[in-house]
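Read the figures in this text as sums done on the coordinates, not as results from a lab. All of these numbers come straight from a predicted model, not from anything done at the bench. Counting neighbours? That spans all protein chains shown, and the Cβs are built from the backbone with ideal geometry, glycine included.
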Amino acid sequence: MSRRFATLFFAWASLLVLLAVEVAASALPLTPLLRPLLLIFALAMAGVILVFFMEVEQGPSPIRLFAVAGFVWLIILLALGSLDPLTRFTYYNEPGLISQFEVEPAGH
């Protein structure tokens, strides 16, 4: 078995393990502690693809620069996308309380 095949096989196997961990974690109740853990697994999967399959470390400097810039933008987009569920509050509609967040029940 060539060294290149062994490296790609290791990367593929690590992606499968990370995928299995994410699928198993998705069956758990979504707590505030589980969200960053799932994000770390997703970033690890992106990192494995970036290093092993795209071979960024062997490319010239501009390719490495743009790959790192794209990865940084991915982190920024995931962080901004996480702000909504992390900062959302649950508004309870108490009897007699007038709220601007009142929602009609479905089917009425």
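Things worth noting here:
- Segment A79-V51, extension gain: residue separation times 0.36 nm, minus the distance between their alpha carbons: 7.9 nm
- Prolate/oblate/rounded call for the range 3-87, Cα gyration tensor, a/c under 1.5 rounded: oblate
- Applying 1/(1 + (r/R0)^6) with r as the Cβ-Cβ distance of Q58 and T87 and R0 = 30 angstrom yields a FRET efficiency of 0.15.
- Per-residue Cβ neighbour rank within 10 angstrom, fewest leading, E55, E22: E55, E22
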